Amino acid sequence: MSRSDDRNARITRLVRPAVQAVQAYHVPPAQGMVKLDAMENPYPWPGELRDDWLAVLADVTANRYPDPTAAALKAQLRRDGGVPDAAGLLLGNGSDELIQLLALALGGEGRVVMAPGPGFAMYRLIAAFTGLEYQEVPLSGDDFALDQGAMLAAIARHQPAVIYLAYPNNPTGNAFDAAAMEAVIEAAPGVVVIDEAYEPFCGRTWMSALERYDHLLVMRTVSKMGLAGLRLGYLAGHPDWLVQLEKCRLPYNINVLTQASAAFALEHGDRLRAQTEALRVERERLFEALCTRPGLRVWPSEANFITFRAQPGQAGGIHASLRESGVLIKNLDGSHPLLSDCLRVTVGRAEENARFLTALDAVIG
Ligand SMILES: *Cc1c(COP(=O)(O)O)cnc(C)c1O
C-alpha cells in the first residue's frame with residue numbers, strides 16, 4: 001500500500017463518520033479588505049486607553065496558570081451584564097466553546113438539539129461533530145418570525161435536550177416575539193439557551209427571566225461589543241445546572257491575557273457602549289440607504305448587521321464584485337432555503353459603509 005493510501009485508509013477507518021461528514025467552518029481571507037462579513041466592531045481601542053491597558057498586561061504572570069475561577073473577571077461581568085445575584089456564571093473561550101460544553105454535557109445517543117432556522121451556524125456544526133441530532137424548525141413568513149405552533153409541535157415530537165433561541169437572531173437580525181419565546185420556554189422538556197450575542201445592539205434582555213425559570217440559560221459574548229479577539233463568552237443560569245456544565249470545562253480555558261484584558265475593558269465599558277451606540281446610528285443610516293436601492297428587499301435589524309435579498313440569481317455576482325472592489329460581506333445564498341439570493345453586511349464605520357454602498361451601486365446600477 002502506498003503511503004498516501006495507508007494514510008487515507010486510517011483516516012477513513014478512525015475519524016468518526018459524523019466528523020468526516022462535516023464541512024469545516026470556513027473563514028475567507030480578508031487581508032487589506034473592508035471587512036464587513038463577521039459582525040466585528042470596526043473601532044480599535046481608544047488611543048488614550050492603550051497605555052493603561054499595556055500597563056495592566058505588564059503585570060500579568062504568564063509563567064503561572066490562569067485563575068481557574070476567573071473571580072475578578074466574573075465579578076466585572078456580573079456588574080456589566082446585570083446578572084441576577086442568585087444566578088451562577090460559567091465562562092467559555094467564546095460562546096462557541098459554551099455551545100460545545102453544552103453538547104458535551106447533554107449529548108448522547110438519541111439526544112436532540114433544536115433551534116429555529118435559519119439560525120447561527122455553530123449550533124448545527126457542533127451538534128454534528130459531537131454526534132447530536134439537530135432539529136431545525138423553520139422561521140415563518142416574510143419576516144422570519146418564530147413559528148410558535150411549529151416550535152411547540154417539534155418540541156412535543158422530539159423532546160429536545162437543548163433549545164437555542166438567538167435574541168436577536170443571526171443571520172436574520174430580528175428579535176423574536178416575547179410571548180412566543182415564553183411559550184417555547186414553558187413547553188421545553190430540557191434546557192433553553194437564549195443566545196444574546198447581539199444584546200449590545202438591541203438593548204432588550206432575558207437576564208431577569210432567570211429568576212422565573214430554572215431551566216433557562218442566558219448566553220452572552222464580548223465579541224460583538226468590540227472584543228472579538230479576546231475570545232470570551234459566558235453563560236448565566238441556575239448554579240445547579242452550571243455545576244454540571246463546569247465539569248466539562250477545561251480548567252484553564254480563559255487565558256491570563258484575556259482575563260486581564262476583558263476585566264480592564266469592562267471597567268471602561270462606557271467606551272465600548274459609546275462605540276455600540278455609534279454603530280446603532282450607522283445601522284439606521286445604512287438601512288435607510290439600502291431601502292432606497294432598487295430591487296432589494298431589506299430586513300430591519302436589531303443587531304450589528306443587515307440582511308437583504310437581491311434580485312433572483314444575483315447574490316453571488318454581487319458578493320464577488322464587492323470582493324473585487326475590496327469589500328468583504330457574507331453571501332447567504334445557498335446556505336438555507338429561506339435565504340435564497342440573500343446577503344448579509346456587518347455595520348461598519350461610516351466611511352466603510354459608504355464604500356460598501358458605492359461598490360454595491362456599481363453592480364446593481
Ligand atoms: C457571533 C455569534 C456567536 C459567537 O460568539 P463568540 O463568543 O465569538 O464565540 C454566538 N451566537 C451568535 C448568534 C452569534 O452570531
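The values are calculated or read from the model by the stated rules, or taken from the named source; none is laboratory data. Computed from a prediction, not measured in an experiment: that's the story for all the values here. Glycine also receives a Cβ, built like all others from the backbone with ideal geometry; neighbour counts cover every protein chain displayed. Each accessible area value is taken on the protein alone, full model and side chains, heavy atoms only, with ligands, DNA and RNA left out. Shrake-Rupley method; radii C 1.70, N 1.55, O 1.52, S 1.80 Å.
Looking only at residues that are open to solvent by less than 50 Å² (accessible area, probe 1.4 Å) and more than 16 Å from the ligand (Cβ to nearest atom) in region 83-106, which one is nearest to Y198 (Cα to Cα)?
Once the filter is applied, the top-ranked residue is V83.
Could you grab the pairs with beta carbons closer than 6 Å, sequence gap of 6+ or different chains, first residue in region 350-361 and part of a helix (DSSP H, G or I), second one of a type outside the set (D, E) and open to solvent by 40 Å² or more (accessible area, probe 1.4 Å)?
Pairs that qualify, where the first residue is part of a helix (DSSP H, G or I) and the partner is of a type outside the set (D, E) and open to solvent by 40 Å² or more (accessible area, probe 1.4 Å), are A359/S325.
What residue, of L328, L322, L286, L279, is more than 23 Å from the chain's Cα centre (by Cα), surrounded by 18 or more Cβ atoms within 10 Å (Cβ to Cβ) and at pLDDT 95 or above?
L322
When you scan region 119-132, do you find a residue that is under 24 Å from A236 (Cβ atoms), away from the ligand (no atom under 15 Å from the Cβ) and in contact with a helix residue (DSSP H, G or I) (Cβ under 9 Å, 6 or more places away or on another chain), even just one?
Yes: region 119-132 contains one or more residues that are under 24 Å from A236 (Cβ atoms), away from the ligand (no atom under 15 Å from the Cβ) and in contact with a helix residue (DSSP H, G or I) (Cβ under 9 Å, 6 or more places away or on another chain).
Any residue in region 328-336 that is among the charged types (D, E, K, R), out of contact with any helix residue (DSSP H, G or I) (no Cβ under 9 Å at 6 or more places or on another chain) and farther than 30 Å from A70 by Cα?
no
Of all residues in region 302-319, how many are part of a loop (DSSP other than H, G, I, E, B) and buried (at least 18 other Cβ atoms within 10 Å of the Cβ)?
Step one: list which residues in region 302-319 are part of a loop (DSSP other than H, G, I, E, B), which gives 302-304, 310-314.
When the remaining residues are screened for being buried (at least 18 other Cβ atoms within 10 Å of the Cβ), the result is 302-304, 310, 314.
Residues meeting the conditions: 5.
Name the single residue, out of those in region 32-47 being in contact (Cβ under 8 Å) with a residue 40 or more places away in the chain and small (G, A, S), that is farthest from the ligand (Cβ to nearest atom).
Only one residue tops the list, namely G32.
If L343 passes every condition in (1) surrounded by fewer than 18 Cβ atoms within 10 Å (Cβ to Cβ); (2) at negative phi; (3) not in a helix (DSSP H, G or I) but one, which one does it miss?
(1)
State yes or no: is V184 aliphatic (A, V, I, L, M), assigned by TED's automatic domain parsing to the domain that holds S223 and under 22 Å from L89 (Cα atoms)?
Taking the combined requirement at face value, the residue does not satisfy it.
For region 107-168, which fully contained strands (runs of 3 or more DSSP E) count at least 2 residues that are buried (at least 21 other Cβ atoms within 10 Å of the Cβ)? Walk me through it before giving the result.
Values: elements: 112-117, 133-138, 162-166.
Those strands (runs of 3 or more DSSP E) span 112-117, 162-166.
Could you list, in sequence order, the residues of region 281-320 that are closer than 21 Å to A30 by Cβ and hydroxyl-bearing (S, T, Y)?
Within region 281-320, just T307 meets the criteria.
Go through (1) modelled with pLDDT under 95; (2) open to solvent by 20 Å² or more (accessible area, probe 1.4 Å) and name the single condition G269 misses.
Exception for G269: condition (2).
Residues that are among the aromatic types (F, W, Y): find the helices (runs of 4 or more DSSP H) completely inside region 1-65 holding 1 or more of those.
47-58
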